[in-house]
Amino acid sequence: MHRKLVAALSTVLLLSVAVAQGTFFWISHGDPADPVWTYFLQGAEMWAEDTGNTLNASFHSGDVPSHQEAFRAGITAGATGIVTSTPDPGTLDEVIAEAHAVGIPVIIMNTEDADSGRDAYVGGDTYDIGRRWAQYLVDHGHVQAGDFVWMPVEVPGATYQVLGTSGAATVLDPLGITYEVTEATLDQAEIITRMSDYLLGNRDRIDAIIGLGDLVTGSIARVFDQVGVAPGEIPVVGWGNSADTAQAVLDGYVNAAMWQDPQATSYMALSVAAMAAAGIPPGFDIIVGTLYEADLADLYLDIMSD
């Protein structure tokens, strides 16, 4: 790790300790059944244990009113800081303004909304990640002009889908490569059924797949086996924050997957919130994310298997 980054993180951790006994709200738009959010929560809980701060964590499964209610509960409780993901662009603007009105810093993690008024962002640049997925397919000769890319996602219209698709479009559109986003839902069994049905009906025109969510990318091996598609027969890239996806990379079902550094994201986001609460405004964002292939899949599989 770069020495300057180590020094910066050490400073942030010391500031986190300095405001010990504070109460921080950690609010996720995700589903607790989604494996990646387990890792995000682990990082938050580790931070609370390391610093002695109180953590109030909640999941809201894409329910915007519920998410906003939890946010306002944090404001009412006089939270030291709030760390939150974003359900959809613009949905938290009002509550962020309410938090700032009473001096509570707000750090967005995981899903950026730069126009929300947040103090800082910690997480992946989903727009750039979408571009990187598409560029990987092009650079490795998996797609070319006139090809078709299938993009399954759990929640169409959610921030992560909109940004990821927009980023991919910057690479695919100029080359005349078409694509389609389809809904897979948040239920694992239903995801496999829907993806299998789509693949059966469209197999002849699918040249590559971009998995826009962890649950869909983690289901690729099961879907391919069910439909009779051999590992590597259809190039696949996408999110890689589950043990299923890391194993699929090792086994050749997925060519490259994006590790979102979920534990580190929560840990650093809460640390930045503590820093802001201590009176040092964060004039920066922290961008995470590593695209890994089979040579590094074991590393991330080990992390997710602990």
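Taken together, the values in this text are just the output of simple stated rules run on the coordinates, not laboratory data. Because the structure is predicted, anything quoted here is derived from the model rather than measured. All Cβ positions, glycine included, derive from the backbone under ideal geometry; neighbour counts span all protein chains shown.
The figures follow:
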quantity	calculated
Candidates I96, I82, I206, ranked by Gaussian network fluctuation over the chain, Cα under 10 Å, top entry	I206
Neighbourhood charge, 10 Å Cβ-Cβ cut-off, centred on G289 and excluding it, Lys, Arg +1 and Asp, Glu -1	-2
Anisotropy class of the stretch 171-238 from Cα gyration tensor, a/c 1.5 cut	prolate
Radius 9 Å from Cβ of D214, net charge of other residues (Lys, Arg +1; Asp, Glu -1)	-3
Length-normalised contact order of the chain in % [C-alpha pairs under 8 Å, at least 6 apart]	20 percent
Under Karplus coefficients 6.51, -1.76 and 1.60, residue-wise ³J(HN,Hα) of the stretch 131-142 in Hz, glycine/proline x	4, 5, 4, 5, 5, 4, 4, 5, 4, 9, x, 7
Cα long-axis angle, helix 159-172 against the chain (0 to 90 degrees, to the nearest 10)	50 degrees
Cα-based Rg / Dmax (Å) for the stretch 37-153	17.8, 56
Charge context of S58, other residues only, Cβ under 14 angstrom, K/R +1, D/E -1	-3
Table column - 3J(HN,Hα) (Hz), the stretch 183-196, Karplus curve with 6.51, -1.76, 1.60, x for Gly and Pro	7, 10, 6, 9, 8, 4, 5, 5, 4, 4, 5, 5, 5, 5
Top of L199, L137, L215 by mean-square fluctuation, Gaussian network on the chain, Cα under 10 Å	L199
Calculated SAXS-style log₁₀ I(q)/I(0) at q = 0.06, 0.13, 0.16 Å⁻¹ - the chain, Debye, Cα scatterers	-0.20, -0.89, -1.23
Highest-MSF residue in the chain out of V102, V288, V254 [GNM, Cα springs under 10 Å]	V102
